[in-house]
1. Quote to one decimal, in nm, the extra length available between residue 128 and residue 88 on full extension: 0.36 nm per residue of separation minus the C-alpha distance between them.
2. Give the range of the longest stretch in the chain that excludes all trypsin sites (Lys or Arg not before Pro) found in loop regions by DSSP and having at most 14 other beta-carbon atoms within 10 Å.
3. Find out how many positive minus negative residues lie around residue 94, taking Lys and Arg as positive, Asp and Glu as negative, among other residues whose Cβ is under 14 Å from that of residue 94.
4. Select from 43, 62, 104 the residue whose mean-square fluctuation is largest in a Gaussian network model of the chain (Cα-Cα springs shorter than 10 Å).
Amino acid sequence: MSPRRFVWIWAPVVVVTAGIGYVSVRSVGGGPAFPQSDKLLHGLAYALLALVLARGLVEGVGQKLDEAALVACIWATAYGGALEVVQHFVGRTADLFDALANGGGAALAVGVWWAIARWRARRRDDAD
C-alpha cells in the first residue's frame, strides 16, 4: 500500500479518535440545548468513529465486511466506555447513559453501513 493511500484510509480514524478523546477530557462549558441532548451528540460522534474504522479495516487491511462491522462496533463502544471512566478522573462526570449512547450510535451506524454494503454486493452479484 502506498503511503498516500495509507494516510487516506487511516487519517480519518486517527483524527476522529483524537477529536473525541480531546472533547471527552476537556471541560465543556454550557449545558445541553434540551435535556439529554448530549446523548444525540455522543451517538453521532461514535457513529462516525465506527464508520471510519470499519472503512479502514475493509479497505486498509482487507478484513471481511462482517468482521469489520463487528470489530468497529466493539472498538468504538469500548473506547467510549474507557473515556467515560477517564472523565471521572479529570473532573467530569462519568455517565452510563453516555456510554450506552456511544455504543448505540456505533451499532446503528455500522449496522446500516453493513446492510447497505451487503445489498450492494448482492446487486453486483446479480448483475454478473
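Every read-out reported here was derived from the displayed coordinates using simple, explicitly stated rules and does not represent laboratory data. Owing to the predicted nature of the structure, the values given are computational and were not obtained by experimental measurement. Glycine gets a Cβ as well: all are built from the backbone with ideal geometry, and neighbour counts include every protein chain shown.
1. Extra length available between residue 128 and residue 88 comes to 8.9 nm.
2. No qualifying site falls inside 65-128, the longest such stretch.
3. In short, -3.
4. Looking only at 43, 62, 104, the biggest GNM fluctuation is shown by 62.
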